[in-house]
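Undergrad: Questions regarding the structure given below will be posed in turn.
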Amino acid sequence: MLHGLYGDSFSWLISGNAKDTAEKYNVILVMPDGYNSFYINHKNGYQYFEHIAYEVIDHAKSIFTLTGSWYIAGLSMGGFGAMMIGLKNDIFKAIGSFSGALLPKKAIKDLKIDFLNDVYEAMTDEYDLLTLLR
């Protein structure tokens, strides 16, 4: 479960009723912190895509006995991240995007938020959902 812009790893617990959902459906929810990264690798910084798409999954596999299917979902910025990661990593049976920011480069440009300049610069064609869907 990937959080949206300004959210963090606790967002789904606080606002999304994650604990009750996990208990009701007997599932393990992994809720990593993507900061305000749009879950992409930054040119001169942290590799958010690599971390979430592979390292978090490997870590979950190492601490839980996991059987069954994997799913990925997110809200807004996390909806974009879920789509992009889900399309690039075939471990996921389904992808959920809730109000996903599916055109992030346009959204970032329109928002005009200084701390997103690095994300805008790192948002290359490899993260373009239309290209990934082809």
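Undergrad: From the list TYR71, TYR46, TYR39, pick out the single residue that is over 11 Å from the mean Cα position of the chain (by Cα), among the aromatic types (Phe, Trp, Tyr) and farther than 19 Å from GLY16 by Cα.
TA: Numbers: TYR71 fails: farther than 19 Å from GLY16 by Cα; TYR39 fails: over 11 Å from the mean Cα position of the chain (by Cα).
The unique qualifying residue is TYR46.
Undergrad: Need at least 1 residues that are exposed (fewer than 12 other Cβ atoms within 10 Å of the Cβ), in contact (Cβ under 8 Å) with a residue 24 or more places away in the chain and not small (Gly, Ala, Ser) per element, so show me which helices (runs of 4 or more DSSP H) inside segment 52-134 make the cut, counting only ones lying wholly within it. Before the answer, list the steps.
TA: Numbers: elements: 56-63, 77-88, 104-111, 117-122, 129-133.
Ranges flagged: 129-133.
Undergrad: With the structure loaded, tell me whether PHE38 is touching a residue at least 60 places away in the same chain (Cβ under 8 Å) and touching a Pro at 6+ places or on another chain (Cβ under 7 Å) or whether it fails that test. If you could, list the steps in order and put the result at the bottom.
TA: On the way: touching a residue at least 60 places away in the same chain (Cβ under 8 Å): yes; touching a Pro at 6+ places or on another chain (Cβ under 7 Å): yes.
Considered against the rule, which asks whether it is touching a residue at least 60 places away in the same chain (Cβ under 8 Å) and touching a Pro at 6+ places or on another chain (Cβ under 7 Å), PHE38 comes out as yes.
Undergrad: It is to be established whether one or more residues within segment 118-133 are of a type outside the set (Phe, Trp, Tyr) and at positive phi. Show your work before the answer.
TA: Let us first name the residues in segment 118-133 that are of a type outside the set (Phe, Trp, Tyr), namely 118-119, 121-126, 128-133.
After this cut, where a residue has to be at positive phi as well, the list is none.
Within segment 118-133, none of the residues are of a type outside the set (Phe, Trp, Tyr) and at positive phi.
Undergrad: With open to solvent by 50 Å² or more (accessible area, probe 1.4 Å) and either hydroxyl-bearing (Ser, Thr, Tyr) or at pLDDT below 95 (or both) as the only criterion, which of LEU13, LEU5 stands out? Outline the logic, then answer.
TA: Values: LEU5 fails: open to solvent by 50 Å² or more (accessible area, probe 1.4 Å).
Checking each option against the conditions leaves just LEU13.
Undergrad: Next question. Across segment 17-48, what is the total count of residues that are open to solvent by 30 Å² or more (accessible area, probe 1.4 Å) and either touching a Leu at 6+ places or on another chain (Cβ under 9 Å) or among the hydrophobic types (A, V, I, L, M, F, W, C) (or both)?
TA: 8
The values are calculated or read from the model by the stated rules, or taken from the named source; none is laboratory data. Remember, it's a predicted structure, so these values are computed and weren't measured experimentally. In this analysis, Cβ positions are derived from the backbone assuming ideal geometry, glycine residues included, and neighbour counts consider all displayed protein chains. Heads up: the accessible areas ignore ligands, DNA and RNA and are worked out on the full protein's heavy atoms, side chains in. Shrake-Rupley method; radii C 1.70, N 1.55, O 1.52, S 1.80 Å.
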